[in-house]
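Here is the structure we will look at.
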Amino acid sequence: MSISRRTILKLAGLTALGVTAENYASAHAGSTTAKILSKAVGAGKRLTKSNLQQKVRLAMVVDLRKCVADQGCTKCIDVCNKAHNIPDFGDSKDAIKWIWKEPYENAFVDQENFYMRDEFRNKMVPVFCNNCDNPPCVEVCPTQATFQRPDGIVMMDWHRCIGCRYCMAACPYGSRSFNWRDPRPFIRDINPDYPTRMKGVVEKCTWCDERVDQGLLPLCVEACPEKAMVFGNLNDPNSEVRQLLKDNFSVRRKPGLGTSPEVYYLV
Amino acid sequence: MYDCGKIIAGLVIFVGLFTSPFWYDLSSSTALQTPNPVLPTKADQNECVASLEFMRRDHMALLNEWRTEVVRDGITYYRSANGREFEMRYTKTCLGCHPDPSQFCDQCHNYIGVSLYCWDCHNKPALQRQGPQLAEILSPKSEILNKHQMQNPKQLKLMFSHRR
C-alpha cells in the first residue's frame, strides 16, 4: 500500500509538534527543579552534585595569620612527602607536588595589590589540591581515573590513569604532577603502608582519603605545629570550619574561574 | 637434486632456529617447572574469601572488583559465601595469608608467562618490614607532631561515618 503525499505531510507535522512539545516540557521542568533546589541549598551556594545530595562536604581552612611557612616551617610538607612516598627527582621542572609553598602573590594572583599588608608581602602560603566542588580535572578525564567522592574529595584511581595529562592542563592551580620517570628509585624511605606510583601516572593530594576513611584527619592538619589548618564538614553549621568561616574573612584561590575551590584561607 | 647437501643443511638450521624457543624452555630450569604454590598452614588461615575453584579461575576478576569497590565506591568489607567478613585490602588480607608472592602468585604466573604489574606500585611484604614505619612519625613522641594534640577521635569517627 502506498502512502499519499498528504499522509506523509500530516505525519511529519505531528512528529515535529511532538518533538517540540517534549523539548519544551523538559526545559520547563528543568527550570522549576533548579528553583526548588536553589531554595533548598540556600542563596548564593553553587548548585553542584556534592552539596545538593550529601550531608558531608569536606573542606579545609588554612589560617595564614598562624601559618609560619614563611619562617621556614615545612612540617606539613615533610610529613606528607614521607607518608605518600613522594619522590624527589631533584629538578623543579618535573617535581611531584602534593603540598608545597607558593608566594602569596602567586597563590592569589587575582588578589595582588601593589601596596599590601607587610606580613603578607612575599609570605609563603601552603597550597595543595583544592578538591574543588566543580572540578575541571574530573570533567576532562577520559578514563574517569579522577572522580569526585560523595564527600567532595577529588580522588585519583591510579589503576585507571593512562597519563594523558588532560587533568593537568585543566587544573588552574597546578595541583597535579606527572611521573615522567619511575619514581621508586627517587623515594628515600618507602612507606610500606602506602603504594608508590609508576611511570606515566598523574598524582595529587587527596586530603589523605585513606586516613579520612579511618576517621583520622589529614596528615598536614595533624602535623601543623601552629594548628593553622582545620579540616571538617562544610555542610555542618556547627563544624569548626564553618565557625571559622563565619567569624573570619576568608579568600580562596581563583574563585572567579568557577571551580569552587574548597580550601579557604584566613587572612 | 642439485645442491642437495646445502639445502638439507639449510633446512636443519632453519628448523633448529625456528623451534629454538622450545629448546630454550626445555633447557632452562624455571619455565617448565610444575607450579607449586605454597599454601598457608596456620589454623586460622584455612579458608580463602571464596571457594578454591572460584579463586583458581576468577581471582583476577575478584581483585578487580575489590579494587573498584574500595577505591571508587567506599566499600571496604567483603562478606564471603559462608558469612565471614574480610577487609578488602590486597596488601593486608590477601598477602596476610600469602606473604611471599614469589612462592604463591609467581608460581603459576611464571609458568603461563603472565607477568604481574601489581608490584610496580604496591609494596611487597618483604619491603614492608624495612624502613621506619609511618606509625613512628605519628607517635606522640615524634618531633614532627610533638606540639599538636589530636582532636577528639570519636567525634571524627562520627563525622566520617558516611564512608562506612
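State all residues of region B:35-75 that are without any contact (Cβ under 8 Å) to a residue 40 or more places away in the chain and β-branched (Val, Ile, Thr); if no residue qualifies, say none.
If the condition is that a residue be without any contact (Cβ under 8 Å) to a residue 40 or more places away in the chain and β-branched (Val, Ile, Thr), then B:Thr41, B:Thr68, B:Val70, B:Val71, B:Ile75 are the ones that fit.
Could you tell me whether A:Glu139 is surrounded by fewer than 20 Cβ atoms within 10 Å (Cβ to Cβ) and over 17 Å from the mean Cα position of the chain (by Cα)?
Details: surrounded by fewer than 20 Cβ atoms within 10 Å (Cβ to Cβ): yes; over 17 Å from the mean Cα position of the chain (by Cα): no.
It is false that A:Glu139 is surrounded by fewer than 20 Cβ atoms within 10 Å (Cβ to Cβ) and over 17 Å from the mean Cα position of the chain (by Cα).
Which ones in region A:76-112 are touching a His at 6+ places or on another chain (Cβ under 8 Å) and loosely packed, with under 15 Cβ neighbours inside 10 Å?
Residues of region A:76-112 that are touching a His at 6+ places or on another chain (Cβ under 8 Å), as a first pass: A:98.
Across region A:76-112, there are no qualifying residues.
Residues of region A:53-67 being at pLDDT 90 or above and either aromatic (Phe, Trp, Tyr) or not in a strand (DSSP E or B) (or both), which ones?
Of the residues in region A:53-67, the ones at pLDDT 90 or above are A:57-67.
A:Arg57, A:Leu64, A:Arg65, A:Lys66, A:Cys67, listed by residue number.
Results for (1) charged (D, E, K, R); (2) within 14 Å of chain A (Cβ to nearest Cβ), shown as yes or no for each residue.
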site	(1), (2)
B:Asp44	yes, no
B:His59	no, no
B:Trp66	no, yes
B:Ser80	no, no
B:Gly83	no, no
B:Tyr90	no, yes
B:Leu95	no, yes
B:Asp100	yes, no
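Under 8 Å by Cβ, and 6 or more places apart or on different chains, what pairs join a residue from region A:117-133 that is closer than 23 Å to A:Asp151 by Cα with one that is part of a loop (DSSP other than H, G, I, E, B) and acidic (Asp, Glu)?
Pairs that qualify, where the first residue is closer than 23 Å to A:Asp151 by Cα and the partner is part of a loop (DSSP other than H, G, I, E, B) and acidic (Asp, Glu), are A:Asn130/A:Glu262; A:Asn131/A:Glu262; A:Cys132/A:Glu262; A:Asp133/A:Glu262.
Pick out the one residue from A:Asp209, A:Asp189, A:Asp182 that is surrounded by 18 or more Cβ atoms within 10 Å (Cβ to Cβ) and within 10 Å of another protein chain (Cβ to nearest Cβ). Please lay out each step first, then the result.
On the way: A:Asp189 fails: surrounded by 18 or more Cβ atoms within 10 Å (Cβ to Cβ); A:Asp182 fails: surrounded by 18 or more Cβ atoms within 10 Å (Cβ to Cβ).
The unique qualifying residue is A:Asp209.
Which one of A:Leu234, A:Leu245, A:Leu216, A:Leu257 is surrounded by 14 or more Cβ atoms within 10 Å (Cβ to Cβ) and facing chain B (nearest Cβ under 8 Å)?
Values: A:Leu234 fails: facing chain B (nearest Cβ under 8 Å); A:Leu245 fails: facing chain B (nearest Cβ under 8 Å); A:Leu257 fails: facing chain B (nearest Cβ under 8 Å).
Answer to the check: A:Leu216.
The values are calculated or read from the model by the stated rules, or taken from the named source; none is laboratory data. Since we're looking at a predicted model, the values are computed, not measured. Note: ideal-geometry Cβ built from the backbone for every residue, glycine included; neighbour counts use all protein chains shown.
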